[in-house]
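In what follows, a structure is listed as structure tokens, so that the remarks can point back to it.
The values are calculated or read from the model by the stated rules, or taken from the named source; none is laboratory data. The structure displayed is predicted, hence computed values, not measured ones. Note: ideal-geometry Cβ built from the backbone for every residue, glycine included; neighbour counts use all protein chains shown.
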Amino acid sequence: MGVYMNEKEILEQAYMEARKIVSENRWEEFDAVIRRDVDFLIEKIEGNKSIVSALATSLVKKISDPGQDIRLHRTDFKNGYSARVLDTKFTTPFFKNYFPKYANKESAFLTLATRERIRWNGNEGKKLKIRNKKLKESFLNIFEQVEVGNADPKEYLRYLFSKLKELSSRDDLIFQSAREQITNLGILNINLIIEMLKKHFTEKLSSRLPVIAIYSIYEILIPNSKRYENKKLLPLQVHTSSDKHGFGDIEIYGDNDEPFEVVEIKHNIPIDKYLIFDIVKKTEHTKINRYYILTTFHIDKWIEILREYKINVA
């Protein structure tokens, strides 16, 4: 008879095992089906953090309560359970601690893809609001493998955390390398910096980089500009799909604890009237002094879009 573990212990043990798997390069011990589906979720994690966290929460529930059908993730399903409560209490804090880049702000179950009253089985699951068809199939297939094929949820969780650990370690190496290069180079030519940024922006999983770049500029600018005297730059928040509690990606507050200057940054997304409308609605009851909307969207493509709207760009 196995020793009972609570949800926190399940998460911690899976993480400790994942560290060993990564350090010992033991990927081949996992079944090909597990690797196929989890690998695709990790490949698409940048815009689908809630899906990965929801999967982790579901696997933890199955391990702690083997009799629970984890496809029934809501209490208003017959024999269902509250995956959102479990995620908020255990999974989200765990991710913030060990995988902060891929953590949700509050819960994975606040996005349209995870909160809807849809059972995560092969039939109803087709209605899930997940744009990428293959991603949806991989997500649902894991639940079918566990519930119908009797696959071991522990193996899925161990492999999922191993891939997240590998990805996080790679991120740390890139960051460390960048710091070392800056130290070695000393003062960089502005043109070189621009070219380096452009190159980085074209890489996979780069949607957060423009925010970090502009934030770094503010870190230097604020202590040295009279405009920002007695102003404070708020720490960058974990990048999540839910930003209802903030005004933008970068926020500068005044000494009255009110937003003073805000920057919203989009990566490869044009600035259109809908985006502007959303920001106006979000800030209509504030006294923000300046609000910048920036994008890395290519200017030539943008001009084409403006011309389609019959806007004079000459």
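Mind listing just one residue for me: the one in segment 24-34 that is out of contact with any Phe, Trp or Tyr (no Cβ under 7 Å at 6 or more places or on another chain) and assigned to a helix (DSSP H, G or I) and, of those, farthest from Gly122 (Cα to Cα)? Talk me through it step by step, then tell me what you get.
Step one: filter segment 24-34 for residues out of contact with any Phe, Trp or Tyr (no Cβ under 7 Å at 6 or more places or on another chain), giving 24-29, 31-33.
With the extra rule that they be assigned to a helix (DSSP H, G or I), the set shrinks to 24, 27-29, 32-33.
Numbers: Glu24: 35, Trp27: 28, Glu28: 28, Glu29: 27, Ala32: 20, Val33: 16 Å.
Only one residue fits best here, namely Glu24.
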Pairs where the first residue, in segment 272-289, is touching a residue at least 40 places away in the same chain (Cβ under 8 Å) and the second is of a type in the set (D, E, K, R), C-beta under 9 Å, 6+ apart: Ile288/Glu258; Ile288/Glu261
Go through segment 213-234 and give me each residue that's modelled with pLDDT under 90 and within 30 Å of Ala108 (Cα to Cα). Ala213
Could you list, ordered by first residue, the pairs with Cβ atoms under 9 Å in which the first is in segment 138-150 and closer than 18 Å to Leu128 by Cα and not assigned by TED's automatic domain parsing to the domain that holds Pro66 and the second is modelled with pLDDT under 95 and among the β-branched types (Val, Ile, Thr), at least 6 apart or interchain? none
Could you check segment 113-160 and list, in sequence order, the residues that are out of contact with any Phe, Trp or Tyr (no Cβ under 8 Å at 6 or more places or on another chain) and of a type in the set (Gly, Ala, Ser)? Ala113, Gly122, Gly149, Ala151
Members of segment 193-207 that are under 16 Å from Asn268 (Cα atoms), surrounded by 12 or more Cβ atoms within 10 Å (Cβ to Cβ) and not small (Gly, Ala, Ser): Leu197, His200, Phe201, Leu205
Count of segment 159-209 residues which are of a type outside the set (A, V, I, L, M), within 15 Å of Lys101 (Cα to Cα) and at pLDDT below 90: 10
Which members of segment 284-298 meet the condition of being assigned to a strand (DSSP E or B) and either touching a Lys or Arg at 6+ places or on another chain (Cβ under 7 Å) or not charged (D, E, K, R) (or both)? Tyr291, Tyr292, Ile293, Leu294, Thr295
